[in-house]
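Data first, discussion second: the structure below is written as structure tokens.
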Amino acid sequence: MTTGQENSGSDGPLSDRGTPGSTGTAQQHDTSALPVSVLVYVRPWNRVQMDHLARGVWGDDSRISGMSEHGSVDDSGFWKRFHDAFKTVNTGATPHHFGPAEIEDIIGRCRLLRHLDLDTAMRLLVAAERAISAVLDRTRPSFILSLTVDSYILDILARLGQQRAIPFIGIVPSFLTDHFRITTRGEGVHCREVDEDMVETTFANLAVADYRPDFLVRPGREARRRMWRMWIRNLPRPVWFALRRRLSGDLLNYHFWVSQIVARQFWTPWPQGYSGIGRHELDTLAPRYLGPPRVYLPLQMSPETTIDYWSADRRWINYEDHILRLIRAHRGKACFAVKEHPNLVGFRSPGFYRRLAAEPNCTMVLPEVRSNDLVTLCDAVLVCTGSAGFEAAIRGKPVISDSAPYYAPQETLFPISTLKDGSFVDNFPLRLQNRMVKHLLERTLPGRFLNNGTWSARNAEHRAWSSTMAASIRQFLGSQDAPRTET
């Protein structure tokens, strides 16, 4: 899976809730002093895009170094240093810059390291730490521009950058159309001030019944076509990426290695069958219902950065098992309406749908049913970090989450513990709905970020989107002596 469309470690001023990464201070990093040195994390499919964005922010005469675990696009020296360091790391070696809790978090959240034996995971971690430290020593960047953290390499880069007070500008798309976010590991970053007119206009646009984020496929026929494409593409992937690692001689390449592991984990000789009730059957459930509170549980994409790095509770990382545990733990206390993510229909672990449907307090709902219909029917929405929580909240429904998603002030959320007594059964007053929209806008910036490898410098629209992002980042960096930290 790719980076989403959204907790431990040292506190940094970038974070609303104390996550790694820092945008530094204006006193330490004068954005008007050119040429400026910028370390840009890149991958082969976004090298040109990230270079265009960096030069749009810091100017054509800025000194750009591209860092990557892909040797073909790495000009920072990281790739060679990393491979050389891995050969020399002794068994039992530990990182110099991180304590036990941080090491555990780095390994537990990385979808590669957590599937390896501890010795291999630790050797990779130590080698990456040494190589990144050397790159930072050599390039002495004033800024780090990157994707949001989605692997142990980026996690280490962000943490080491924070220790050196180097601003980490991690970018990720937003579910708010034509907006993106600056974040390190999913935390909300206060980026700008917004007026009430903007809040009201955005509220009106988001509250329409058929609002859909750009990255969602249309349910129904389009979702089924996507299911077949994903299944066909995944059939050869375990062997393909195993061969690619060996034939390329790049056995340590994160992308190749983790793709091999995830493809094997979700390999199946046939797409996973999904069945559930439709809109008509849903209507029959509404009248005269006297049972336990009904909770809408929209499934999130997994494995995905928005769970791996944005969840406060790492139990969510084992997503399917955690969902089943939650439902089983609340038999007789809550009934769950579960709907699959339109982008992931059929692409789950073998038997997951069957185990869900077997739970007596779980009703499977077809992806074709609109989320807003389920929001209307149910008493609350349960999410880890998914944007469905925001869509429900602005329609006056309680949101249950223990992961402090960036789009919601903490006091507007209900903890998962409220499932036991039903104390979440309440409505948000209009002032809180408006506040959530304001909270979201303050943590997003104008600009459309293509995170799927389709960006092209030959496309005028793509260049315009990148230029808008660059202007937003310049304004963000230039308007703050120090980014606001909120509790």
Take the conditions outside the structural domain of A470 (by TED's automatic domain parsing) and at pLDDT 90 or above and apply them to K438. Does it pass?
yes
Close pairs (6 angstrom Cβ cut-off, 6 or more residues apart or separate chains): in the same structural domain as I156 (by TED's automatic domain parsing) in the range 94-112, of a type in the set (V, I, T) and surrounded by 13 or more Cβ atoms within 10 Å (Cβ to Cβ) anywhere:
P95/V126; R111/V258; L112/V258
Enumeration of residues in the range 377-416 that are acidic (D, E) and over 19 Å from Y309 (Cβ atoms)
D379, E391, E411
Options L290, L297, L282, L366; residue that is at pLDDT 90 or above, farther than 29 Å from W240 by Cα and of a type in the set (A, V, I, L, M):
L297
(1) modelled with pLDDT under 80; (2) within 26 Å of P405 (Cβ to Cβ); (3) of a type in the set (A, V, I, L, M) all hold for I307 apart from (1)
Hey, which of the helices (runs of 4 or more DSSP H) in the range 338-426, taking only ones fully inside, have at least 1 residues that are surrounded by fewer than 17 Cβ atoms within 10 Å (Cβ to Cβ)?
352-357, 371-377
Looking at the range 184-202 only, could you name the residues that are part of a loop (DSSP other than H, G, I, E, B) and surrounded by 13 or more Cβ atoms within 10 Å (Cβ to Cβ)?
T184, R185, G186, E187, G188, V189, H190, C191, R192, V194
Within the range 326-353, the residues that are touching a strand residue (DSSP E or B) at 6+ places or on another chain (Cβ under 7 Å) and either basic (K, R) or more than 22 Å from L282 (Cβ to Cβ) (or both) are K339
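The values are calculated or read from the model by the stated rules, or taken from the named source; none is laboratory data. All values reported here derive from a predicted model rather than from experimental measurement. We place every Cβ from the backbone using ideal geometry, glycine too, and count neighbours over all the protein chains shown.
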